[in-house]
Amino acid sequence: MDPRTIGILGGGQLGRMLLEAANNRNINVAILDKKASPAKQINATNPGVDGSFADAQAIRKLASQCDVLTVEIEHVDTYVLEELEKESLSQSKKLKIQPSWQAIRTIQDKHLQKMLLLEGGIDVARSMAVPTASEKELRIVESNLRYPFMLKARTGAYDGRGNYAVMSDKDVQPALDALKNRPLYAEEWVNFTMELAVMVVKTWDEADSSSWASSTISYPTVETVHEDSICKLVYAPARGISNEMNQRAQQLARKAIASFKGKGIFGVEMFLLEDNRILVNEIAPRPHNSGHYTIESCRLSQYDTHLSAILDRPIPAKATELLRPTIMLNILGGEDPKSFLRLANAADSAGAKVHLYGKGDATKGRKMGHLTVLGNTMEEAEQDIEPLIRLADEIRD
Ligand code: ATP
Ligand code: MG
Ligand code: MG
């Protein structure tokens, strides 16, 4: 369908599902990650590069085999991506990097990301930098934001590993210990009524606010449920919100993404407040856990439209419509390294669509797979998934 080779930095589950979408279209993909990472396991057509997506030399090696470079994780070396883009432009080479290294670099630092969103007129929780990790510094934070507040690692965070809820004085030292040696910032506590998320596909290269409306396409607004800061469930569409609210969240997500340069899929996590205001929590410059449901429930999944966007193929507006009410449940590791398979088996027998990521044995809380339940109505999907949620809770305890 397209003779170009796509290079993916990272071979985790998002890379694996991106590869599944590419395989359906005979698109050649090379992956940079450890040997036998989830995505590499299913890519017999291209050996890719064994190594780390944070290693400049390995990224250069991958780039030499590809026409378009993209990411499935934001924690990559963006300095080499910047060099590669400059070399490509000066030598009239064809290599494209999507989304842009600028977008990835800003998003990597959650505090910088928030500053950029504020500049773009997007509401976010009040936050402040924590230049030195000390008790004295956290007293200053407390006098500004009050307890409770969330102490967060600026970089390298995922699945809540990098967040510490500081409820009172007694949490100050444990928080500093838990996040020691990491650059930090602090955020006011948000009493949200619901967490929302929207996947946005960007089809325009430049951060051009005048054209954001025509260069961004959104998927519907979904509801995400987190437990211990890790995503557990996704309801598509978000339950109990008006159509107006659903549209408003999509509009906000599209506007937020317009501030970033580059093409491809982005995830936008949001907090819905009691007074119906919406704050953006954070952005991911890649496919996102809250968009897995699109595989079964939209004409084109978040992985399909990411490929279309970075290859400059058209994406009809209909492609991102939700066709059926859907619930996604993450399959997380329990204490026993194999207990997650009980959930996968039960889901499979119950007619849920099971996706396992090929990660071998589990550790507690690790994302090992996910399952998707479709309903004629949301109530039907809720009824069908209820025993699976109970089993998931049993496995995690
Ligand atoms: P991800 O896996 O989504 O990248 P992450 O490690 O970057 O996660 P965040 O998105 O910052 O972490 O936070 C994870 C969860 O913690 C949020 O979805 C929310 O449930 C809760 N949370 C984060 N920030 C706040 C806040 N300021 N106030 C209240 N709860 C918060
Ligand atoms: Mg994050
Ligand atoms: Mg998050």
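The values are calculated or read from the model by the stated rules, or taken from the named source; none is laboratory data. Note that the structure is predicted; figures quoted are calculated from it, not measured. Using ideal geometry, Cβ is built from the backbone for each residue, glycine included, and neighbour counts are taken over all protein chains shown. Only protein heavy atoms, including side chains, enter the accessible area calculation; ligands, DNA and RNA are left aside. Shrake-Rupley method; radii C 1.70, N 1.55, O 1.52, S 1.80 Å.
Entry comment: accessible area of the stretch 250-397 is 39 Å² per residue, from protein heavy atoms only and a probe of 1.4 Å.
Residues 363, 320, ordered by accessible area of protein heavy atoms at a 1.4 angstrom probe radius and largest first, appear as 363, 320.
All other residues with a Cβ under 9 Å from the Cβ of residue 278 taken together, and with Lys, Arg as +1 and Asp, Glu as -1, what is their net charge? Kindly include the intermediate steps, with their values, before the conclusion.
Working: positive: 248, 277; negative: 123.
Once all neighbours under 9 Å are counted, the net charge is +1.
About its Cα centre, the stretch 1-120 has a charge dipole of approximately 240 debye under the convention of +1 per Lys or Arg Cβ and -1 per Asp or Glu Cβ, with nothing else charged.
Taking a 18 Å limit on the Cα-Cα distance, which of the listed pairs 61/93; 40/338; 40/86; 263/359; 110/232; 94/202 fall beyond it? Pairs exceeding the cut-off: 40/338; 40/86; 263/359; 110/232; 94/202.
About its Cα centre, the stretch 210-300 has a charge dipole of approximately 520 debye under the convention of +1 per Lys or Arg Cβ and -1 per Asp or Glu Cβ, with nothing else charged. Ranking 361, 33 by solvent-accessible area of protein heavy atoms (1.4 Å probe, all protein chains present), from largest to smallest, gives 361, 33.
Please report the carbon-and-sulfur percent of the accessible area for the chain; probe 1.4 Å, protein heavy atoms only, DNA, RNA and ligands left out.
Numbers: 8450 of 16950 Å².
Looking at the chain in its full context, I get 50 percent from C and S.
The mean sequence distance of close C-alpha pairs (under 8 Å, at least 6 residues apart), as a share of the length of the stretch 23-138, puts its relative contact order at 16 percent.
Near residue 265, the amide H atoms lying under 5 Å from its own belong to 202; only residues 5 or more places off or on other chains count, and H is placed 1.01 Å from N. Label point of residue 229 set 7 angstrom out along Cα-Cβ; within the stretch 245-273, amide nitrogens under 20 Å from it belong to 268-272. Calculated [222 nm] ellipticity per residue, helices only, for the chain: -9500 deg cm²/dmol; basis is -39500 (n - 2.57) per DSSP H run with n ≥ 4, divided by all residues, nearest 500.
Please identify every one of the trypsin sites (Lys or Arg not before Pro) in the stretch 249-283 that sits in a loop by DSSP and has no more than 12 other beta carbons within 10 Å of its own beta carbon. Can you show the working numbers first?
Working: sites: 254, 255, 261, 263, 277; in loops: 261, 263, 277.
Answer in residue order: 277.
When restricted to Cα atoms, the chain yields an Rg and a Dmax of 20.6, 60 Å, respectively. Only protein heavy atoms count here; on that basis, with a 1.4 Å probe, residue 348 has an accessible area of about 100 Å².
Tell me, what is the FRET efficiency for residue 118 and residue 180 to the nearest 0.05, using R0 = 41 angstrom and their Cβ-Cβ distance as r?
Details: r = 28 Å, r/R0 = 0.69.
So, using R0 = 41 Å, E works out to roughly 0.90.
Please give the FRET efficiency for residue 89 paired with residue 128, using the beta carbon to beta carbon distance and R0 = 30 Å, rounded to the nearest 0.05. Step by step, r from the Cβ atoms, then E = 0.20.
Extension gain, residue 338 to residue 1: 0.36 nm times the residue separation minus the Cα-Cα distance gives 117.4 nm. Placing +1 on each Lys and Arg Cβ and -1 on each Asp and Glu Cβ, with no other charges, gives the chain a dipole about its Cα centre of roughly 1020 debye.
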